[in-house]
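Okay, so here's the structure we're looking at.
The values are calculated or read from the model by the stated rules, or taken from the named source; none is laboratory data. Everything numeric here is computed off the predicted structure, so don't read it as measured data. Here the Cβ is made from the backbone with ideal geometry for all residues, glycine too, and neighbour counts use every protein chain on show.
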Amino acid sequence: MSPVLTVSGLAKTFTMHLRGGIELPVIANAGFALHAGTCAVLGGRSGAGKSSILKMLYGNYAASGGSIPVRHRGAEIDLASADPRTVLDIRRETIGYVSQFLRVVPRVGALDIVAEPLVERGMDRDEAARRAADLLARLNLPERLWSLPPATFSGGEQQRVNIARGFITEHPILLLDEPTASLDAANRAVVVEMIAEKKRAGAALLGIFHDTDVRNAVADIVIDVTSFAPDKKAA
Amino acid sequence: MTAATYNFAYLDEQTKRMIRRAILKGIAIPGYQVPFASREMPMPYGWGTGGVQVTAAILGPDDVLKVIDQGADDTTNAVSIRKFFQRVAGIETTTNTADATIIQTRHRIPETPLQEGQVLVYQVPIPEPLRFLEPRETETRKMHALEEYGLMHVKLYEDIARNGHIATTYAYPVKVEGRYVMDPSPTPKFDNPKMHMSEALQLFGAGREKRIYALPPHTDVVSLDFEDHPFEVQRFDRPCALCGAEQVYLDEVVLDDRGGRMFVCSDSDHCETRQAEGFRGELAGEKLDASTSDRTEEVI
Amino acid sequence: MDRDLPLLSVRSVTKSYGARIGCADVSFDVWPGEVVAIVGESGSGKTTLLNCISTRLEPTAGTVSYRMRDGEMRDLYRLGEAERRFLLRTDWGFVHQNPADGLRMTVSAGANVGERLMAVGQRHYGNIRATATDWLGRVEIGADRIDDQPRSFSGGMRQRLQIARNLVTAPRLVFMDEPTGGLDVSVQARLLDLLRGLVHDLGLAVIIVTHDLAVARLLSHRMIVMKDGRVVEHGLTDRLLDDPQAPYTQLLVSSILQV
């Protein structure tokens, strides 16, 4: 079965203009593929560029080189060179993302934040809210918090809102940036089960998990990011 | 023979030609405010300098002039303007609406329907109907040019929001020939329907604001309104106390300091003509003499 | 309307005042339903650009075209004045930084909202008032304030009223010039949240000028960074903020105070 997303020759170099224009190469010649129904995990020491890869795959960071062909609306599109509107469309339809931190929106309640991606895709508000409630309940977020804006929630509570928001849609590809970092064991287990369900539903997942237990539980393959280190390439 | 020192009708011939050109342009574009080089007149602004200049420009030696102020021929403003033209033009004057060829008016249209060949000259203080909400002249001109008249309805909306009905009772805006929105001068809205399809030529002169506009005979004049708040004229729940006329505009006259009052025709000529024809109102017997010479006018 | 075709096309727009440059050689497109933020510091030319593309200031060079409701792309500076003004009060909105510039301060809130309806020919008082009431509700102004003049409103309320006044004719494109400038932070947050909801619910295209990167992040899909009248960088808002490429954008992003 052909991959839903391929990374080929991907590079990332930061140019620090405020520090005399020094170049900071982070990733060079990265290559791997994501397949439907599997979960790949980015491995490697902290600072190896796992997060940068994930962000380039979401279009949040610009790729300095290489290509990221992704299957989007039945065609193959290079995410690395796509224009902003295409990137936004890919995010709406094809690639979902669960970030480490929730970027809070003032005054919007947790339930609405979780339901928003469905409403944006045209789902009826009530139905979207019902699904959001199911997810929040499953993640053990106390119901009294659902109507409150998460700005004042604890880290773990915010992260569960974030996970629910990321998992509520049926994106064929889902990127996970340390989604379990602030969770207790019980909630980590819920997330592991949710990832397994996504796989069964045919989604391709790519994640960063610093928790070894979670990683072992979900990973089908581990991609060693240290092999994409620029100095190694130079050597 | 002091009048001999003046040119006929006071203004020099070049000025009259200039004003006539403005009048002709106004007639050609009904409702459009034509700027003109308003002259200093031997009376203060606010006393009808615009109307006087229009009258002076159209007056001929054979014309018969009537001047009314809020319907009456015998108030200070009317008397002095009538005397002015008697002196500077030597023309005949009248108080009888039907006999007049030119009627200069402040704030009323005579009750007797005007006829073909007659000219009604209005004295106008503020010719710009949009001025209430838009102070910039450059902007109001543009709004007229582009027919952007939503603002007029904003004013009427405010009226209804505040009072439950359109409370504007005078200077009630009209749309002329489906094109220009026009201020009909501070006449009561009671008179607005008389402007519509009038047999007479109607000319409007604003001296201080230096504008002339016109309604040629048989012009379509529609008062602005809302579908659910249609235009309505004032109604009076009693006839004229002197002549018994109904469906005419009445003035309230205070009779004493004990709250006594009566309602009489604002159009003094109309009232007197009816009384001469034998019509009588409820107070006609005892008050007839006093009330025609000592009218207390409602000041708008 | 084809959502794959741009609504507004800006091509090589330049505005110079003699030797001084207001904005130079700016080109971009705006698609239906898209929020584009123009950011930069004071004097960067962002407001000049906004005025140029909203027909308020004729550019020295370049073209600005707009897709009219009939689908035809028209050069805005070749429209007749009547067409242009009609566009401005029906298909467009303009939200000024100072609400007094966009409101009639001496007429009621209801009339402020209703004016555009009356301008396009609505003549039923009851309907106009019902629509105004509805819109005041949508911008969180109580129906009991409908007959009050905006003079008696707070800054945040005035700004919300200005927004309602602009949106009542269901425009497709709204220009905003620092709409949250001059407001207290808590009031700003409420307004931003409200704008975000309205933009999304109505599928509005918005071009918003702001010097506040947080405003740009919250509201916009794409961002244009300006400096000295020129575009130094443009692209996806989150990419520009999280991975800025141009030296000036990096400076701008690194200058944000973190809380």
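Quick notes on this structure:
- Assessment of region A:212-222 against the conditions (touching a residue at least 40 places away in the same chain (Cβ under 8 Å) and over 26 Å from A:Val70 (Cα atoms)) yields no matching residue.
- Selection from region B:109-158 of residues that are more than 14 Å from chain C (Cβ to nearest Cβ) and over 22 Å from the mean Cα position of the chain (by Cα): B:Glu137
- Contacts under 9 angstrom Cβ, first residue in region C:87-100 being under 17 Å from C:Leu198 (Cβ atoms), partner aromatic (Phe, Trp, Tyr), 6 or more apart: C:Asp91/C:Tyr66; C:Trp92/C:Tyr66; C:Trp92/C:Phe175; C:Gly93/C:Phe175; C:Phe94/C:Phe175; C:Val95/C:Phe175; C:Pro99/C:Phe153
- Qualifying residue in region B:78-98 (condition: assigned by TED's automatic domain parsing to the domain that holds B:Gly205, assigned to a loop (DSSP other than H, G, I, E, B), out of contact with any helix residue (DSSP H, G or I) (no Cβ under 7 Å at 6 or more places or on another chain) and not β-branched (Val, Ile, Thr)): no
- A:Arg85 vs. criteria within 16 Å of the chain's Cα centre (by Cα) and more than 17 Å from A:Phe32 (Cα to Cα): no
- Verdict on C:Ala189 being surrounded by 18 or more Cβ atoms within 10 Å (Cβ to Cβ) and more than 12 Å from chain B (Cβ to nearest Cβ): yes
- Some residue of region C:91-105 being closer than 22 Å to C:Thr55 by Cβ, touching a His at 6+ places or on another chain (Cβ under 9 Å) and facing another protein chain (nearest Cβ under 8 Å): no
- Count of region C:161-186 residues which are in contact with a helix residue (DSSP H, G or I) (Cβ under 8 Å, 6 or more places away or on another chain), modelled with pLDDT under 90 and surrounded by fewer than 18 Cβ atoms within 10 Å (Cβ to Cβ): 2
- Sub-8 Å Cβ pairs linking a first residue in region A:53-70 that is more than 12 Å from every other protein chain (Cβ to nearest Cβ) and at positive phi to a second residue that is in a loop (DSSP other than H, G, I, E, B) and of a type in the set (A, V, I, L, M), at least 6 apart or interchain, are A:Gly66/A:Ala80, ordered by first then second residue.
- Annotation: C:Arg151 fulfils all but one of (1) of a type in the set (D, E, K, R); (2) part of a helix (DSSP H, G or I); (3) touching a helix residue (DSSP H, G or I) at 6+ places or on another chain (Cβ under 8 Å); the unmet one is (3).
- Taking every residue in region B:164-188 that is more than 16 Å from B:Val154 (Cα to Cα) and surrounded by fewer than 23 Cβ atoms within 10 Å (Cβ to Cβ) and pairing it with any residue that is aliphatic (A, V, I, L, M) and modelled with pLDDT under 95, at least 6 positions away or on another chain, the pairs with Cβ-Cβ distances below 6 Å are B:Tyr170/B:Ile300; B:Pro186/B:Ala171; B:Pro186/B:Ile300.
- Looking only at region C:192-224, and only at residues there that are within 13 Å of chain A (Cβ to nearest Cβ) and touching a strand residue (DSSP E or B) at 6+ places or on another chain (Cβ under 6 Å), the one that is surrounded by the most Cβ atoms within 10 Å (Cβ to Cβ): C:Met223
- Answer residue from region B:227-262, given it is of a type outside the set (Asp, Glu) and within 14 Å of another protein chain (Cβ to nearest Cβ) and is farthest from C:Gly126 (Cα to Cα) among those: B:Phe231
- For the criterion of being of a type outside the set (A, V, I, L, M), without any contact (Cβ under 8 Å) to a residue 24 or more places away in the chain, within 8 Å of chain B (Cβ to nearest Cβ) and in a loop (DSSP other than H, G, I, E, B), C:Arg129 fails.
- Which listed residue, of A:Val191, A:Val161, is touching a residue at least 12 places away in the same chain (Cβ under 8 Å) and touching a Ser or Thr at 6+ places or on another chain (Cβ under 6 Å): A:Val191
- Note on region A:1-36: among residues that are farther than 18 Å from A:Lys199 by Cβ and among the β-branched types (Val, Ile, Thr), the one that is surrounded by the fewest Cβ atoms within 10 Å (Cβ to Cβ) is A:Ile22.
- Of residues in region B:217-226 being more than 14 Å from chain C (Cβ to nearest Cβ) and not β-branched (Val, Ile, Thr), the one farthest from B:Leu24 (Cα to Cα): B:Asp220
- Evaluating A:Ala115 against the criteria (1) buried (at least 19 other Cβ atoms within 10 Å of the Cβ); (2) farther than 30 Å from A:Leu42 by Cα; (3) out of contact with any Leu (no Cβ under 8 Å at 6 or more places or on another chain) leaves one unmet condition, (2).
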